[in-house]
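First the structure, in the form of structure tokens, and then the observations on it.
Coordinate-derived values only; no laboratory data. The structure displayed is predicted, hence computed values, not measured ones. Don't worry about glycine lacking a Cβ; one is built from the backbone with ideal geometry, like all the others, and counts go over all protein chains shown.
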Ligand SMILES: NC(=O)c1ccc[n+]([C@@H]2O[C@H](COP(=O)([O-])OP(=O)(O)OC[C@H]3O[C@@H](n4cnc5c(N)ncnc54)[C@H](O)[C@@H]3O)[C@@H](O)[C@H]2O)c1
């Protein structure tokens, strides 16, 4: 799964799963653009061996995304791969959730991906080549206390299918649904929440960010050339079916 000569634009690559994807794609030969709200994204860029670019920006700002896309094209000439990975959660039960908490999560997780796909999808169609990967979550099926997060991640799944139809045949669009992955986001959950998750995973452990990065590498490479519109669950078996043992 070689990405030599390819340019990957990864949102939220300053931490966790996004940073692991930046490292994995770099090792596979790609040049990586790290787009993140957190200035720590610069350290990830500095650690890569191929030429890379860090852009400090917010996925909720169409202007930030536009400028980052322009800077990427000025630096590398094109964008071949887009990973919509930036995500947040603000968990609360539906009846206690504020409008602000709803909007914040939907704006970053869903609208941010829409904005980046619109901007970069156009460029990919002109180049007649592109791979888009949206990072959803097992929570897209619904999860207690995550009305906003689950809805945003379910939205990403249907956005993926729709874009797969509309951007075919040049651009493939797929999604990954990670289960519990050991990142700062997962660690920020309360202990009870984490233990509930871990008890239900057939593989008996949280995933590593690198394990999501390997799945993303497959979908970003030409090894997956006949796959579009799909959702790949990378969750240690968590959502594989009822386990009433
Ligand atoms: N960790 C898990 O268990 C898990 C499970 C399922 C899905 N996911 C999804 O994977 C993705 C990555 O999660 P992670 O665990 O690596 O989280 P993380 O918090 O470690 O990293 C997320 C990154 O996104 C950046 N970010 C947040 N809001 C942003 C914005 N508005 N604009 C630009 N950058 C922004 C943050 O600065 C951070 O660097 C998220 O979409 C998350 O929903 C994670």
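Residue check, residue 26 against (1) under 22 Å from residue 74 (Cβ atoms); (2) more than 11 Å from the ligand (Cβ to nearest atom); (3) out of contact with any strand residue (DSSP E or B) (no Cβ under 6 Å at 6 or more places or on another chain), all met but one. Which one? Result: residue 26 passes all but (3).
Looking only at the range 13-41, count how many residues are under 22 Å from residue 2 (Cα atoms) and either without any contact (Cβ under 8 Å) to a residue 24 or more places away in the chain or assigned to a helix (DSSP H, G or I) (or both). Residues meeting the conditions: 11.
Applying a threshold of 6 Å to beta carbon distances and a minimum spacing of six or more residues, or different chains, the list of pairs starting in the range 141-159 at a residue that is in contact (Cβ under 8 Å) with a residue 24 or more places away in the chain and ending at one that is surrounded by fewer than 16 Cβ atoms within 10 Å (Cβ to Cβ) and part of a loop (DSSP other than H, G, I, E, B) reads 145/93. Among the residues making up the range 42-63, a single one is in contact with a helix residue (DSSP H, G or I) (Cβ under 9 Å, 6 or more places away or on another chain), within 25 Å of residue 103 (Cα to Cα) and in a helix (DSSP H, G or I): 62. The set of residues from the range 117-140 being in a helix (DSSP H, G or I) and more than 10 Å from the ligand (Cβ to nearest atom) comprises 117, 118, 119, 120, 121, 122, 123, 124, 125, 126, 127. Scanning the range 181-206 for residues that are within 9 Å of the ligand (Cβ to nearest atom) and in contact with a helix residue (DSSP H, G or I) (Cβ under 9 Å, 6 or more places away or on another chain) yields 181, 182, 183, 184, 185, 186, 187, 189, 197, 206. Only a single item in (1) within 14 Å of the ligand (Cβ to nearest atom); (2) part of a loop (DSSP other than H, G, I, E, B) is not met by residue 78, and it is number (1).
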